[in-house]
Structures are given as structure tokens and as C-alpha cells.
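Participant: Mind looking over this structure? Questions follow.
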Amino acid sequence: MQKSQKSVAALETPVFAELSSFVAIAEALSFSRAAERLQRDATVLSRRLRSLESRLGVRLVERTTRSVALTEAGRAYLDRARDILRSIDAADREATLYATGEPRGHLRLALPDSFGRLWLAPMLTEFLAAHPRVTIEAEFSNRFVDLVGERFDLAVRLGELNDSRLVARRVCSRRRLLCASPGYLARHGTPRRPEDLAQHACLVFTGLPGRNHWAMADAKGAMRRVAVSGPLVADDAEVLLDAAAAGLGIMLGTDWLLGRRLQAGHLVRVLPRWQPVDEGAIYIVTPSGSGSASKTQAFSDWVAERLADPPWARSASDAGMLKGD
């Protein structure tokens with residue numbers, strides 16, 4: 001019981017402090033030995049015992065200058081008190097396993113829609129196979145969920161972060177690229193400077209601020225901002241991706257979305273010496289506060305390790321598609 005009593009004595013709750021003090025005194029039959037066990041002053045234990053007896057309205061311990069003995073009520077109370085402390089100790093150890101032991105428990109994830117399906121979904125099955133004591137509930141959506149209010153354990157977010165209640169772990173960068181199909185460029189010509197985009201069919205994503213104005217910078221930092229328009233405007237980037245691959249126009253998209261199509265040759269880069277202005281990166285976020293469960297930390301590490309060298313950038317770069325002219 002010594003370990004249980006020490007952990008309980010550390011609690012600030014008076015009831016638990018009184019309970020642990022009584023058990024220590026009852027087992028040691030000595031105030032001084034009980035005080036040594038709990039690393040408290042004997043007068044503190046005596047005060048706690050008096051408070052407990054006053055609250056219960058019964059005397060639990062008979063004490064003289066030479067001896068300590070339990071009353072009948074004290075002996076009966078000791079059995080129950082020991083059970084309570086054992087239960088608390090078991091609960092402490094079980095809870096600690098969630099933080100430091102094998103990952104276990106139910107993990108609620110908020111994952112971005114397209115990015116989640118393309119790159120994170122395979123990681124879920126791999127993670128579950130490696131951690132059989134974890135279950136996952138994943139929401140694939142582009143809405144910014146309230147992790148605290150909706151009780152999500154972890155989210156993956158793209159772009160900028162503004163919620164100060166969250167702990168953010170930057171996983172990797174992302175880039176925006178201009179792309180079009182070889183067929184479109186063969187029919188309509190290849191833009192040579194940003195201003196040329198005004199004369200082309202552009203596929204517009206409504207999720208971007210200032211969606212009809214594309215801002216770009218060259219290697220020296222010179223900025224251009226061009227008004228664009230075209231045959232298709234959508235809030236789904238994958239719809240625009242299919243349209244670009246079908247030759248309907250020029251698309252402004254992220255490297256993680258375009259990488260496979262670039263590698264396959266369905267799309268080629270446009271204006272590679274000009275970098276579309278973009279803010280943010282790819283982050284893993286968790287609610288603020290210490291003591292993340294081991295399941296949450298394990299999943300965070302799992303994703304971070306696999307995205308440290310982004311697979312979309314690696315495959316497209318190997319194919320020579322993300323390099324400049």
C-alpha cells in the first residue's frame with residue numbers, strides 16, 4: 001500500500017489526504033512511522049485524522065503517548081479505505097498506460113477531404129495494423145472543426161493556422177503550381193509571362209482568397225498579380241484537376257494534388273520560373289495542454305515520419321516535373 005498512499009497523499013483533495021493518512025497510521029500503528037512513509041510531518045497526519053474522525057462522527061484510533069490502536073469502527077473503516085486506495089492506484093496506472101504505454105483507445109481524427117483521401121487514407125490502415133489496440137474515427141472534410149468543442153484528438157490542416165488553443169506540428173511545406181495539359185498548350189500556346197494568363201482559359205478554385213486574381217513572384221521577388229477567368233469555377237480541386245487534364249484550361253493547384261498527374265504526363269508546368277504566392281504548410285494540430293495520450297502521439301509521429309519527405313514531391317521530382325526550365 002505504500003506506493004498507493006504516496007500517490008494519493010500528493011493529491012490536494014482533503015478527503016483523499018485524510019484517507020491516505022488514516023491508512024498509513026492504521027498499518028504502521030505509529031504516527032512517526034506513518035509520517036516517514038508519507039513524507040509528511042506527524043502533526044499534519046494527526047490533524048488529518050482528527051478532521052476525518054470529526055467528519056465521520058466516530059473515533060477511529062485510540063492513541064496514547066506510548067501506543068496507537070484501532071477502534072472497532074477503525075478496523076471496519078480500514079478495510080474499505082484500503083479498497084478505495086487500491087482502486088485509485090489501479091485507475092492511475094491504467095490512465096498512465098494511455099500516456100506512456102502501448103497506444104490504445106479510440107482516436108478521433110479530422111482530416112482534409114482531398115488530401116486525406118489521396119495521402120492519409122493509406123496511412124490509416126497501416127497504422128491500425130501496427131497498433132491493434134487503437135480504433136479510429138476519421139472525418140474527411142474541408143471544414144475547420146473545433147477540436148476542443150467537438151472532442152477531436154488530432155487534425156491535419158493545410159495552409160495557415162490561427163487558433164491559439166491548438167498545438168501545431170509543422171510536417172512539411174507545400175507549393176502551388178500552374179499546370180495545363182500538353183494538348184491545351186498545343187492548341188492555345190504556352191504563356192511566357194504572367195500577364196499572358198489573362199488571355200487564357202483558367203480554371204478557378206473558389207477556396208482561394210481573391211480567387212480571380214493569381215499572384216506570382218519570380219526568383220528575385222518581383223511580383224505580378226493577374227486577373228483570370230475561364231470556363232469552370234469550382235470549390236472542389238479534384239474537379240478542376242480532371243478538367244485541366246482534359247484540356248479545358250490552366251489550373252492553379254497544390255503540388256500534393258498535381259504530383260501524380262505531372263508524373264504521368266497528363267499535365268505539365270506553366271510559367272515554372274514564377275512561383276504562385278502561397279502561405280502556410282501542412283500541419284498536425286492537437287488541443288493545447290500537456291499529457292497527450294500515447295495513441296495521439298503515436299499517430300502524429302506516424303504521419304510526420306511519412307510526410308517528412310513528401311511522396312508527391314519525390315515522385316514528381318524524379319520524373320523531372322517540379323524543376324524549373
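Residue by residue, here is whether (1) surrounded by fewer than 16 Cβ atoms within 10 Å (Cβ to Cβ); (2) farther than 14 Å from LEU70 by Cα holds:
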site	(1), (2)
ALA17	no, yes
ALA24	no, no
ALA28	no, no
SER32	yes, yes
GLU36	yes, yes
ARG40	no, yes
THR43	yes, yes
ARG47	yes, yes
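Participant: What single numbered condition from (1) more than 30 Å from LEU257 (Cα to Cα); (2) assigned to a helix (DSSP H, G or I); (3) not acidic (Asp, Glu) fails to hold for PRO122?
Facilitator: Going through (1) more than 30 Å from LEU257 (Cα to Cα); (2) assigned to a helix (DSSP H, G or I); (3) not acidic (Asp, Glu) one by one, PRO122 breaks only (1).
Participant: Residue under question is ARG48, and the condition is that it be assigned by TED's automatic domain parsing to the domain that holds ILE84 and within 23 Å of ASP89 (Cα to Cα); does it hold?
Facilitator: Working: assigned by TED's automatic domain parsing to the domain that holds ILE84: yes; within 23 Å of ASP89 (Cα to Cα): yes.
Spelling it out, ARG48 is indeed assigned by TED's automatic domain parsing to the domain that holds ILE84 and within 23 Å of ASP89 (Cα to Cα).
Participant: May I pose another question? Mind checking which pairs have a first residue in the stretch 49-67 that is small (Gly, Ala, Ser) and a second that is loosely packed, with under 13 Cβ neighbours inside 10 Å and part of a helix (DSSP H, G or I), Cβ under 8 Å, 6 or more apart or different chains?
Facilitator: Short answer, once both residue conditions are applied: SER51/PRO14.
Participant: It is to be established whether one or more residues within the stretch 128-143 are part of a strand (DSSP E or B) and small (Gly, Ala, Ser).
Facilitator: The answer is yes, given that some residue of the stretch 128-143 is part of a strand (DSSP E or B) and small (Gly, Ala, Ser).
Participant: Within the stretch 104-122, restricting attention to residues that are on the phi < 0 side of the Ramachandran plot and in contact with a Lys or Arg (Cβ under 6 Å, 6 or more places away or on another chain), which residue is surrounded by the fewest Cβ atoms within 10 Å (Cβ to Cβ)?
Facilitator: So in the stretch 104-122, the residues on the phi < 0 side of the Ramachandran plot come out as 104, 106-122.
Checking the rest, the ones that are also in contact with a Lys or Arg (Cβ under 6 Å, 6 or more places away or on another chain) come to 104, 107.
On the way: ARG104: 18, LEU107: 23.
Of everything passing the filter in the stretch 104-122, ARG104 is surrounded by the fewest Cβ atoms within 10 Å (Cβ to Cβ).
Participant: Kindly state which strands (runs of 3 or more DSSP E) lie completely within the stretch 178-278 and contain at least 1 residues that are more than 37 Å from the chain's Cα centre (by Cα) and more than 21 Å from GLY159 (Cα to Cα).
Facilitator: Hits in the stretch 178-278: 223-227.
Participant: Across the stretch 139-157, what is the total count of residues that are closer than 22 Å to ARG260 by Cβ and either out of contact with any Pro (no Cβ under 8 Å at 6 or more places or on another chain) or at pLDDT below 90 (or both)?
Facilitator: Of the residues in the stretch 139-157, 1 are closer than 22 Å to ARG260 by Cβ and either out of contact with any Pro (no Cβ under 8 Å at 6 or more places or on another chain) or at pLDDT below 90 (or both).
The values are calculated or read from the model by the stated rules, or taken from the named source; none is laboratory data. This is a predicted model, so every value here is computed, not measured. So basically every Cβ, Gly included, is an ideal-geometry build from the backbone, and we count neighbours across all protein chains shown.
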